[in-house]
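Student: Right, I'll just put the structure down here and ask away after.
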Amino acid sequence: ELKVEQNPLFLSMQEGKNYTIYCNYSTTSDRLYWYRQDPGKSLESLFVLLSNGAVKQEGRLMASLDTKARLSTLHITAAVHDLSATYFCAVDPDSWGKLQFGAGTQVVVTP
Amino acid sequence: NAGVTQTPKFQVLKTGQSMTLQCAQDMNHEYMSWYRQDPGMGLRLIHYSVGAGITDQGEVPNGYNVSRSTTEDFPLRLLSAAPSQTSVYFCASTQISGTGEHEQFFGPGTRLTVL
C-alpha cells in the first residue's frame, strides 16, 4: 500500500526564520507535487518535481526531490505571515492523475 | 477559460437522499478525478476517468458512482447519502504535458453535510 507521510503535521513559525517540511513516500513515483491550501479554499499548485535531484524555487519557497530516498522537502526561507496555510505533498505513481496525498502540514506564522 | 467548475458550492442532505455533484472543465483534458477531503487528512481519490466512457475506482469508491459521457463533464453521484459522506469534495482535471509535468487543476470544491 502506498503511503505518503508528511512531517511535521503542524508547524508554528516565527517571522524571519527558516523551516523545512518533509514528505516521505513508500513507492516509486514519476512526479511529486506540492500544493498550498488556504482555509475554505481549493488547492493551489506550487511545484511539480520530476527527477532525482530536482530543485524548484518560487519566492521564499524551495522544493527538492530525492527519488532514491523517496523524500521531498519544502523549505521556507525567512517566513512571513502570508505563508500561513496548509501545505500538501502528493505523488502520482501511475502517471494517470491519481494522486496520493500526505495529511498536510498546517503552517502558522507569527510575529 | 473557466477552468474546473463545481456545483453546488454547499449542500445539506438527509441520510438516504441521493444527489449529483457536478464537475465541468473547458480545457479539453482527458483525465479527471474526484477527491474528498476530511478534517486533518489529505485528499483521497474516489473515482477517476482517463477519457469519455472510461472510469475506474480510486481509494474510497464505496457509496459513489460516476460516469463520463463527454470530455467536459464528470458528475459524481451519491446513491444513498450517509453521515460518513460529510466532507468537502474536489474535482480535478489533469493537463498531460510532453515535459512530464502533468499539472492538476482543482475545482473550488463542494461542501457537503449529511444529517
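No value in this document is a laboratory result; all are computed from the given coordinates. These numbers come from a predicted model, not from an experiment. Glycine also receives a Cβ, built like all others from the backbone with ideal geometry; neighbour counts cover every protein chain displayed.
Student: A:Ser12 - would you say it is over 30 Å from B:Pro61 (Cα atoms) and not β-branched (Val, Ile, Thr)?
Tutor: yes
Student: Hey, another quick one. Which fully enclosed strands (runs of 3 or more DSSP E) of segment B:34-80 have 2 or more residues being surrounded by fewer than 18 Cβ atoms within 10 Å (Cβ to Cβ) and on the phi > 0 side of the Ramachandran plot?
Tutor: none
Student: Farther than 24 Å from A:Gln6 by Cβ, within 11 Å of chain A (Cβ to nearest Cβ) and assigned to a strand (DSSP E or B): is that true of B:Val88 in this structure?
Tutor: No, not satisfied.
Student: Then there is this: Of all residues in segment A:70-102, how many are part of a loop (DSSP other than H, G, I, E, B) and either touching a residue at least 24 places away in the same chain (Cβ under 8 Å) or of a type in the set (D, E, K, R) (or both)?
Tutor: 13
Student: Let me ask something else about it. Is it the case that A:Glu44 is within 30 Å of B:Thr110 (Cα to Cα), of a type in the set (Asp, Glu), free of Cβ contacts under 8 Å to residues at least 24 places away in the same chain and more than 11 Å from chain B (Cβ to nearest Cβ)?
Tutor: no
Student: Being outside any loop (DSSP other than H, G, I, E, B) and more than 13 Å from chain B (Cβ to nearest Cβ) is the filter; apply it to segment A:8-20 and report the residue that is nearest to A:Val91 (Cα to Cα).
Tutor: Across segment A:8-20, the extreme among qualifying residues is A:Thr20.
Student: Any idea which residue in segment B:91-106 is farthest from the other protein chains (Cβ to nearest Cβ), counting only those that are surrounded by 19 or more Cβ atoms within 10 Å (Cβ to Cβ) and of a type outside the set (Ser, Thr, Tyr)?
Tutor: That would be B:Cys91.
Student: Taking the stated definitions as given, is B:Gly51 in contact with an Asp or Glu (Cβ under 6 Å, 6 or more places away or on another chain) and more than 10 Å from chain A (Cβ to nearest Cβ)?
Tutor: yes
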